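Trainee: Once you've had a glance at the structure underneath, I'll fire off some questions.
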Amino acid sequence: MEIIEFKNFGAYYGEKKVVNNVTFPVYINKITAIIGPSGCGKSTLLRSINRINDEIPGFKVEGSLLIDGKDVYKDVDDLTVLRKKVGMVFQRPVPFPMSIYENIAFGLKIHGVKDKSKINKIVEKTLKEAALWDEVKHELDKNAYSLSGGQQQRLCIARSLAIEPEVLLLDEPTSALDPIATQRIESLLERLSEKYTIVIVTHNIAQAIRISDYIAFMFKGELIEFGETSEVVRNPKNKLTEEYLNGKIG
Ligand SMILES: Nc1ncnc2c1ncn2[C@@H]1O[C@H](COP(=O)(O)OP(=O)(O)OP(=O)(O)O)[C@@H](O)[C@H]1O
């Protein structure tokens, strides 16, 4: 079942159209990878889902983008509600300059959770979910910047999970990480997809093939192909997809 649907969706920065007539579904509790060469509109698509691009002057959209059947640009007034439902993790881990514990507690407090024992429980639960608990349980008061890059990224994932989103958006979450940290994040995402819907932008074709259930291949602002990852890889319908997957473009 789909949770998100792009329908004839387009996006502009000022006069420049960077996403054109894109239609595809994002299925619930699956990992969908948006792939394609640099500048093809991957991040723009991803950032449209939680309307984080609204802050860019001149950004506008056309067509529709539905979450649970509601158009996020027409039917959603409260961006806080949208962003609670749709969490986001960025390319570079960006912990807050505070303790590991506070990194998670902070967001909860903003969302109105005040009870200390409830916060403690959520901190532990989400750090476990993000496969970080065992490494940090004795040093929750340490500054988050003392963690390695991979641990910081898992902390950022834990922070997103704490506010119980339904969808997790990730923009190149492993491109700043070494192969071992990357592998840990990949297996974490596979586990998280049992409970969350995941949309990931990645330059790394091998990664998309390893972890995604569905692939959306973008090229110059157009959706060239969408389908089950195994099917797209085994039997790409479009020549461009085949060339991209074989490293001939991009
Ligand atoms: N804030 C902005 N203002 C103006 N143009 C932008 C802005 N952000 C992106 N663009 C342009 O929109 C197009 C699509 O960019 P986008 O970042 O969505 O692509 P991408 O596929 O994610 O690229 P990359 O893989 O390099 O991150 C590019 O031509 C880019 O230059």
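Trainee: Name the one entry in Val86, Val113, Val76, Val94 that is surrounded by 17 or more Cβ atoms within 10 Å (Cβ to Cβ) and hydrophobic (A, V, I, L, M, F, W, C).
Mentor: It is Val86.
Trainee: Let me ask something else about it. Only one of Ser43, Ser48 is open to solvent by 30 Å² or more (accessible area, probe 1.4 Å) and assigned to a helix (DSSP H, G or I); which?
Mentor: Step by step, each of Ser43, Ser48 is checked, and only Ser43 is open to solvent by 30 Å² or more (accessible area, probe 1.4 Å) and assigned to a helix (DSSP H, G or I).
Trainee: On the basis of being open to solvent by less than 80 Å² (accessible area, probe 1.4 Å) and either more than 27 Å from Asn204 (Cα to Cα) or within 13 Å of the ligand (Cβ to nearest atom) (or both), does Ser38 make the cut?
Mentor: no
Trainee: Further question: Over 19 Å from the mean Cα position of the chain (by Cα) and of a type in the set (Ser, Thr, Tyr) - does that describe any residue in segment 93-103?
Mentor: yes
Trainee: Report, by residue number, each residue of segment 166-182 that is at pLDDT 95 or above and either more than 16 Å from the ligand (Cβ to nearest atom) or basic (Lys, Arg) (or both).
Mentor: The answer is Glu166, Val167, Leu168.
Trainee: Among the candidates Ser175, Ser160, Ser187, single out the residue that is hydroxyl-bearing (Ser, Thr, Tyr) and either over 30 Å from Gly36 (Cβ atoms) or crowded, with 19+ Cβ neighbours inside 10 Å (or both).
Mentor: Testing whether each residue is hydroxyl-bearing (Ser, Thr, Tyr) and either over 30 Å from Gly36 (Cβ atoms) or crowded, with 19+ Cβ neighbours inside 10 Å (or both) leaves just Ser160.
Trainee: Pull out all pairs, ordered by first then second residue, where Cβ-Cβ is under 8 Å, the residues are six or more apart or on different chains, the first lies in segment 197-223 and is free of Cβ contacts under 8 Å to residues at least 12 places away in the same chain, and the second is of a type outside the set (Ser, Thr, Tyr) and open to solvent by less than 10 Å² (accessible area, probe 1.4 Å).
Mentor: Hits for this filter: zero, empty list.
Trainee: Next question. Would you pick out the residues in segment 116-136 that are free of Cβ contacts under 8 Å to residues at least 40 places away in the same chain and open to solvent by less than 80 Å² (accessible area, probe 1.4 Å)?
Mentor: Ser117, Ile119, Asn120, Val123, Glu124, Thr126, Leu127, Leu132, Trp133, Glu135, Val136
Residues checked against (1) at pLDDT 95 or above; (2) within 16 Å of the ligand (Cβ to nearest atom):
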| site | (1), (2) |
| --- | --- |
| Met1 | no, no |
| Phe9 | yes, yes |
| Phe24 | yes, yes |
| Arg47 | yes, yes |
| Ile56 | yes, yes |
| Ser64 | yes, no |
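Trainee: How many of the residues making up segment 213-244 are touching a helix residue (DSSP H, G or I) at 6+ places or on another chain (Cβ under 7 Å) and within 16 Å of the ligand (Cβ to nearest atom)?
Mentor: Total meeting the criteria: 7.
Trainee: Filtering segment 225-236 down to residues that are outside any strand (DSSP E or B) and out of contact with any strand residue (DSSP E or B) (no Cβ under 6 Å at 6 or more places or on another chain), which residue is surrounded by the most Cβ atoms within 10 Å (Cβ to Cβ)?
Mentor: Pro236
The values are calculated or read from the model by the stated rules, or taken from the named source; none is laboratory data. Since the structure is predicted, the reported quantities are computational estimates derived from the model, not experimental observations. Counting neighbours? That spans all protein chains shown, and the Cβs are built from the backbone with ideal geometry, glycine included. Accessible surface is based on the protein model in full, side chains and every heavy atom, while ligands, DNA and RNA are left aside. Shrake-Rupley method; radii C 1.70, N 1.55, O 1.52, S 1.80 Å.
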